[in-house]
Structure formats: structure tokens, C-alpha cells
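Asks: Here it is, the structure in full.
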Amino acid sequence: MTHSTILMVKYDPENAQAWAIIMNKIRQEYAEGNTQLSIAQKLGVTKVAVSRWLSEDRGGERTTFGDMLRYAKALGIPYNELIDMPCQANQLETTSFDKALATILTQAVADADLTAAELARQTGLPESQLTDILTGNIPATGAALHKICTVVEVGASILLRKADKLMQKGLK
């Protein structure tokens, strides 16, 4: 007598975030005119798998992290982008200072005449993380702040002081 084994898949937020980064790149390549077959060949999977991922936005729930690393390499995604991910917005509440800093950072980025995509490329941070920081949805980590400041060529202490002043004005 045989019995079937049901695979229970536990939701893993880190795995889901890494998969989202890979899917964003796959969608980008597809939007740029790459065929599902060419993407599949690049990743070493079937065209059916790529089609399912694109149409159903699924696949990561059963993808091993080893496979994700292989896909990331094939897609030119730096490994640190998969493992150095921001907290989900609902995991860490932003403060009034974080929101003030987001306003100051947004102005510094605009003054540097950079788009979010260009800032992402120059900092090596995911564009989604930068957007969340610049809109005040998540707080900037020290590492992210350092990378942004380096690109916009403004010292972090200057931006932090400006954010503090803005926050103080907002509280009065």
C-alpha cells in the first residue's frame, strides 16, 4: 500500500522577498523584449516554468535558496541584494524622525538630479527599498543612509541635522 506525502510549505518572509527581487528582474527582462524561452534558457528552467511565474506570480514558495542564488547569478542580481533586504514596512514602525529624514533625503536626491532607478544602480540597493525609504514607509538603515549620502555627495550629519530641524518644526 502506498501513501502520498503532502508537502507542507511554510511561509518564509525572507524567501518571499528574495523571490520578489528575482521576479522583478524576470518581469523587467520580459518587458524589455526577452522571450519566455530565452529567460528560461538563461535560468536553466523550462519555458512552462517562466510562463507560470509570469502569469501566476508564483514559484518562490517551492524554490530553494540555492536555486534562487543560481537564478540571481544568471540574471545579474548581486547576491547581497537577496540577503541584505530591508525589513517589511509592517515589521518596523517609522517614527516622525524617519519621515522627516525621508523628506530631506528625497530633496537631496532631487538636488542631485537622480531618478530612483539611477540611485538604486549607484548605491547597489534595491529600488523598492529606496522607494520605501524615500516615502517614509521604512526607516533608513545606517548602511543605506551611508550609501545614499555617498551618491548624493552630502554628509549624513548634515542630512540628519536637517531632518531633526524639520521634525522639530512639525512637532511645534
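The values are calculated or read from the model by the stated rules, or taken from the named source; none is laboratory data. These figures come from a predicted structure and were not determined experimentally. Reconstructed Cβ throughout: ideal geometry from the backbone, glycine too, with neighbour counts over all protein chains shown.
Asks: Identify all residues within the stretch 117-145 that are among the small types (Gly, Ala, Ser) and buried (at least 16 other Cβ atoms within 10 Å of the Cβ); write none if there are none.
Replies: Keep residues of the stretch 117-145 that are among the small types (Gly, Ala, Ser), which gives 117, 120, 124, 128, 136, 140, 142-144.
Answer for the stretch 117-145, where residues must be among the small types (Gly, Ala, Ser) and buried (at least 16 other Cβ atoms within 10 Å of the Cβ): Ala120, Ser128, Gly136, Ala140, Ala144.
Asks: Sticking with this one: Scan the stretch 102-117 and give yes if some residue there is part of a helix (DSSP H, G or I), within 29 Å of Trp19 (Cβ to Cβ) and of a type outside the set (A, V, I, L, M, F, W, C), otherwise no. Can you show your working first?
Replies: Restricting attention to the stretch 102-117, the residues satisfying the condition of being part of a helix (DSSP H, G or I) are 102-111, 116-117.
Within this subset, residues satisfying the condition of being within 29 Å of Trp19 (Cβ to Cβ) are 102, 105-106, 109, 116-117.
Going one step further and asking which of them are of a type outside the set (A, V, I, L, M, F, W, C), we end up with 106.
Checked the stretch 102-117: at least one residue is part of a helix (DSSP H, G or I), within 29 Å of Trp19 (Cβ to Cβ) and of a type outside the set (A, V, I, L, M, F, W, C).
Asks: Is at least one residue of the stretch 31-39 surrounded by 11 or more Cβ atoms within 10 Å (Cβ to Cβ), in contact with a Leu (Cβ under 8 Å, 6 or more places away or on another chain) and modelled with pLDDT of 90 or more?
Replies: Going through the stretch 31-39, the residues surrounded by 11 or more Cβ atoms within 10 Å (Cβ to Cβ) turn out to be 34-39.
After this cut, where a residue has to be in contact with a Leu (Cβ under 8 Å, 6 or more places away or on another chain) as well, the list is 36.
Those still in the list that are modelled with pLDDT of 90 or more too: 36.
Looking for residues that are surrounded by 11 or more Cβ atoms within 10 Å (Cβ to Cβ), in contact with a Leu (Cβ under 8 Å, 6 or more places away or on another chain) and modelled with pLDDT of 90 or more, one finds at least one in the stretch 31-39, hence yes.
Asks: Okay, moving on. Out of the residues in the stretch 156-172 meeting the condition of being part of a helix (DSSP H, G or I) and of a type in the set (D, E, K, R), tell me which one is farthest from the chain's Cα centre (by Cα).
Replies: By that ranking, first place goes to Lys169.
Asks: Filter the stretch 133-155 down to the residues that are within 20 Å of Glu118 (Cβ to Cβ), in contact with a helix residue (DSSP H, G or I) (Cβ under 9 Å, 6 or more places away or on another chain) and in a helix (DSSP H, G or I) and list them by number.
Replies: The answer is Ile133, Leu134, Ala144, Leu145, His146, Lys147, Ile148, Cys149, Thr150, Val151, Val152.
Asks: State all residues of the stretch 1-22 that are surrounded by 17 or more Cβ atoms within 10 Å (Cβ to Cβ) and at pLDDT below 85; if no residue qualifies, say none. Show your work before the answer.
Replies: From the stretch 1-22, those surrounded by 17 or more Cβ atoms within 10 Å (Cβ to Cβ) are 15, 17-19, 21-22; that's our starting set.
If the condition is that a residue be surrounded by 17 or more Cβ atoms within 10 Å (Cβ to Cβ) and at pLDDT below 85, then Asn15, Gln17, Ala18, Trp19, Ile21 are the ones that fit.
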